[in-house]
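Before any comments, here is the structure.
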Amino acid sequence: MMHSDIIIIGAGPGGYETALGAAHRGKSVTLFNGGALGGTCLNEGCIPTKCLCRDSEMVMQFKEADRFGIEDFTFSVDFNRIIERKRSVTDQLRDGIAAMLRQAKVNVVDAVASFSDDRTVVAGGEEYTADNIIIATGSVSKSLPIPGHDLECVMDSTDILNIEYIPASLTIIGGGVIGMEFASIFAGLGSKVTVIEFMKQILPPFDSDIAKRLKQTLSKRGVEIITGAAAKKIEQNEDYEIVVTYEAKGKEQTVVSTDLLMAVGRAPRVDGLNLEAAGVEYSAKGIPVDDNMRTNVRHIYAIGDVNARMMLAHVATFQGQRALNAIEGKTDGIRFGLIPSAVFTVPECGMAGMTEDECKAKGIETVCGKSFYRANGKALAMGESEGLCKLVFDKGTHKLLGAHIMGADAALLAQEAVDLMNADATAESIREIVFGHPTLSEILLAAAAI
């Protein structure tokens with residue numbers, strides 16, 4: 001039996017970053033890796049999709065070469081090379097993580113772990129104990145329980161990342177972050193894409209102005225987006241085409257395509273942990289934790305997707321830092337209410353803080369400032385005139401409460417906005433910051449002119 005100061009179950013961003021952080025603090029750490037190092041984000045999510053986003057964006061730029069005075073430009077797309085590049089990137093990053101863990105002397109066990117009691121886990125027939133245990137098992141793809149959801153032709157996000165061809169046509173059930181990124185990717189690569197979204201707008205967590213504008217932009221690119229539509233069943237016809245029946249405005253309709261992606265979100269990965277043996281409370285919605293990421297069992301913590309507080313890789317990393325601080329009895333200034341998030345469509349969308357609608361629901365009076373990419377010199381020089389920045393301020397204090405952006409480098413601009421919000425910036429203090437010219441950052445400055 002091996003004893004460590006800390007056991008971490010799961011080697012995604014939350015797990016391996018926390019292991020490295022704990023080792024840096026002088027703790028002995030055993031990290032259980034039940035899959036591939038880097039978890040879903042590196043192997044089946046964030047990184048491989050961003051590789052495809054970049055490939056798709058380049059194809060779109062090549063198609064518009066004449067806008068930049070480049071004549072008679074021809075090219076071809078080798079999808080096998082695109083997949084090879086994606087795999088090369090993930091392999092390189094995975095090898096880097098392994099090297100960092102070796103250097104930090106983290107004991108990595110390549111096996112699935114489960115609890116036998118509240119201080120002991122079992123993996124590969126061996127027992128391991130620790131003073132504190134952190135659960136970081138991530139999440140799994142969800143599926144709609146409709147007829148045909150389990151057909152072999154129905155892909156989830158992992159499946160579609162491993163296809164070896166560009167679909168002639170693709171139906172995507174779900175217009176959230178995952179669905180919209182793949183819609184943008186494959187539309188750019190030449191697929192005919194249809195998105196079926198149950199809610200009234202795509203990207204439900206995003207500000208409605210941004211979601212509407214993205215829908216308009218993608219529609220101009222040929223993506224058919226059907227909102228307020230409930231998928232009812234999935235079938236294959238005699239030509240092996242996929243037929244999705246959906247209901248919208250009280251009428252049943254169908255869409256036919258060669259391929260289908262189910263992108264209706266993710267669910268916490270709690271199965272197989274034997275949490276009952278440790279006395280840890282949980283449900284299909286995840287493992288409840290307090291603000292220190294502590295479960296109902298004082299020395300067991302849960303970070304990242306498995307606690308379902310906010311399913312983002314960078315959130316998992318900082319929740320791990322919070323858990324380590326709690327273990328050591330330290331406090332920190334991490335503000336989990338100020339989290340940047342992005343959708344890497346073309347154009348990108350980025351956000352941080354509260355939306356205008358969320359402020360209204362909480363009774364907060366607001367004033368909003370807007371600016372447009374078409375009025376920004378750098379955006380026009382880049383050929384990226386399509387975009388909007390919306391900043392939400394408290395009406396009385398003018399404190400910045402939220403930032404919502406669609407356009408080139410929206411993810412970076414959202415991060416800049418988070419920096420401002422962490423400094424409790426107001427519209428007036430933003431206007432006193434010297435912004436470089438010509439830069440896209442000036443879009444934030446223009447939106448602060450309320």
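Descriptive notes on the structure:
- A search for C-beta distances below 9 Å between a residue of segment 413-436 that is assigned by TED's automatic domain parsing to the domain that holds V367 and any residue that is among the polar types (S, T, N, Q), counting only pairs 6+ apart in sequence or on different chains, returns L413/S441; A414/S341; E416/S441; L420/S429; A423/S429; T426/T397; F435/S441.
- Residue in segment 230-251 that is part of a loop (DSSP other than H, G, I, E, B), buried (at least 16 other Cβ atoms within 10 Å of the Cβ) and touching a Lys or Arg at 6+ places or on another chain (Cβ under 9 Å) present: no
- Number of the exception - C53 against (1) outside any strand (DSSP E or B); (2) farther than 27 Å from V223 by Cα; (3) not hydroxyl-bearing (S, T, Y): (2)
- One residue from I226, I185, I210 being touching a helix residue (DSSP H, G or I) at 6+ places or on another chain (Cβ under 7 Å), among the β-branched types (V, I, T), under 22 Å from T345 (Cβ atoms) and outside the structural domain of V59 (by TED's automatic domain parsing): I185
- Only residues that are free of Cβ contacts under 8 Å to residues at least 12 places away in the same chain and closer than 20 Å to E442 by Cβ were counted in segment 351-381, giving 1.
- Check on L440, out of contact with any Ser or Thr (no Cβ under 7 Å at 6 or more places or on another chain), crowded, with 19+ Cβ neighbours inside 10 Å and in a loop (DSSP other than H, G, I, E, B): yes
- Whichever residue in segment 265-302 is small (G, A, S) and part of a loop (DSSP other than H, G, I, E, B) and, among such residues, is farthest from I135 (Cα to Cα): G265
- Looking across segment 158-183, the residues that are crowded, with 21+ Cβ neighbours inside 10 Å, out of contact with any Pro (no Cβ under 9 Å at 6 or more places or on another chain) and assigned to a helix (DSSP H, G or I) come down to I178, G179, M180, E181, F182, A183.
- Scanning segment 1-50 for residues that are of a type outside the set (S, T, N, Q), part of a strand (DSSP E or B) and surrounded by fewer than 23 Cβ atoms within 10 Å (Cβ to Cβ) turns up M2, H3, D5.
The values are calculated or read from the model by the stated rules, or taken from the named source; none is laboratory data. Worth saying up front: this structure is predicted, and the values here are computed from it rather than measured. Positions of Cβ are generated from backbone atoms using ideal geometry, with glycine treated the same way; all protein chains shown enter the neighbour counts.
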